[in-house]
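Below is one structure, written out as structure tokens, with a few remarks after it.
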Amino acid sequence: MSKKIQTSQKHMNQNDRVVIEKRLDLSVSFRAIGAELGKDPTTIAKEVKKHRVFQEHNKFNEKPYRCANAKDCHKKNV
């Protein structure tokens, strides 16, 4: 980047991570989040990649990865 970003902190704290999470929920770009926190956008992207967690979305009482044609299908244990 052409502009140098001045920060007094070397690491991100919990408050910074909360701000990142809220902004990502609002679909704000890494560049805008970085400008708000005074960090480089790459730092924000690395922080997200480092601490992301994938959650399996599952409806109540349904098996995960259930086929749409499971009731009519004759193949088992595939």
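Longer than 28 Å from Cα to Cα, which of Lys50/Lys75; Lys49/Lys75; Lys10/Lys49 are they? Say none if no pair is.
The answer is Lys50/Lys75; Lys49/Lys75.
Would you please put 46-54, 31-39 in order of how densely packed they are, using the mean number of other Cβ atoms within 10 angstrom per residue and starting with the highest?
Details: 46-54: 10.1, 31-39: 16.6.
Ranking, from highest mean packing down: 31-39, 46-54.
Pull out the extension gain between Val18 and Ala68, defined as 0.36 nm times the separation in residues minus the alpha carbon to alpha carbon distance; nm, one decimal.
Gain on extension, Val18 to Ala68, equals 14.3 nm.
Computed from the coordinates by the stated procedures, all read-outs in this text should not be read as laboratory data. Remember, it's a predicted structure, so these values are computed and weren't measured experimentally. Don't worry about glycine lacking a Cβ; one is built from the backbone with ideal geometry, like all the others, and counts go over all protein chains shown.
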